[in-house]
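Student: Take this structure first; my questions come after.
The values are calculated or read from the model by the stated rules, or taken from the named source; none is laboratory data. Keep in mind that what you see is a predicted model, and the values were worked out from it rather than measured. Neighbour counts are summed over all protein chains in view; Cβ atoms, including those assigned to glycine, are modelled from backbone coordinates with ideal geometry. Accessible surface is based on the protein model in full, side chains and every heavy atom, while ligands, DNA and RNA are left aside. Shrake-Rupley method; radii C 1.70, N 1.55, O 1.52, S 1.80 Å.
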Amino acid sequence: MTTDEELMKIARKRAKDKTGFYIHFACYIMVNISLFIFYWSILEPDTNIIPIIFGPLFGWGVGVVAHFIAVFAGASEEKVQKEYEKLKGSKK
């Protein structure tokens, strides 16, 4: 069984991880909105080229999705405990 101190440590880590994701996501949104505004402000109306800003939008987007998965859908405590018990049992 975990103590209150251990639970507090886990809670702090989770809160820090979630805050890190929210900051990462906010930066992604702000930078990509700025790139869109910049691109469309210099674009001539008759231009039919693929905007170069789609590279960072999709490339960085993959990183944001991976960060989301790591923070919110990563290994749950139940999975970790189950693996721990399995490893502990194999040492005997």
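Student: Given the conditions (1) in contact with a helix residue (DSSP H, G or I) (Cβ under 7 Å, 6 or more places away or on another chain); (2) part of a helix (DSSP H, G or I); (3) not hydroxyl-bearing (Ser, Thr, Tyr), report the number of the one that Pro51 does not fulfil.
Tutor: Unmet for Pro51, out of (1) in contact with a helix residue (DSSP H, G or I) (Cβ under 7 Å, 6 or more places away or on another chain); (2) part of a helix (DSSP H, G or I); (3) not hydroxyl-bearing (Ser, Thr, Tyr): (2).
Student: Also: What's the total number of residues in the range 65-92 that are under 10 Å from the mean Cα position of the chain (by Cα) and farther than 27 Å from Lys9 by Cβ?
Tutor: 1
Student: Can you go through Phe68, Phe72 and tell me which one is closer than 18 Å to Asp17 by Cα, open to solvent by 90 Å² or more (accessible area, probe 1.4 Å) and modelled with pLDDT of 85 or more?
Tutor: Working: Phe72 fails: open to solvent by 90 Å² or more (accessible area, probe 1.4 Å).
Checking each option against the conditions leaves just Phe68.
Student: May I pose another question? Output the number of residues of the range 26-43 satisfying the condition of being part of a helix (DSSP H, G or I) and either in contact with a helix residue (DSSP H, G or I) (Cβ under 6 Å, 6 or more places away or on another chain) or exposed (fewer than 12 other Cβ atoms within 10 Å of the Cβ) (or both).
Tutor: Going through the range 26-43 one residue at a time, the tally reaches 12.
Student: Suppose the filter is farther than 30 Å from Gln81 by Cα and either in contact with a His (Cβ under 7 Å, 6 or more places away or on another chain) or outside any helix (DSSP H, G or I) (or both); does Pro56 pass it?
Tutor: It is false that Pro56 is farther than 30 Å from Gln81 by Cα and either in contact with a His (Cβ under 7 Å, 6 or more places away or on another chain) or outside any helix (DSSP H, G or I) (or both).
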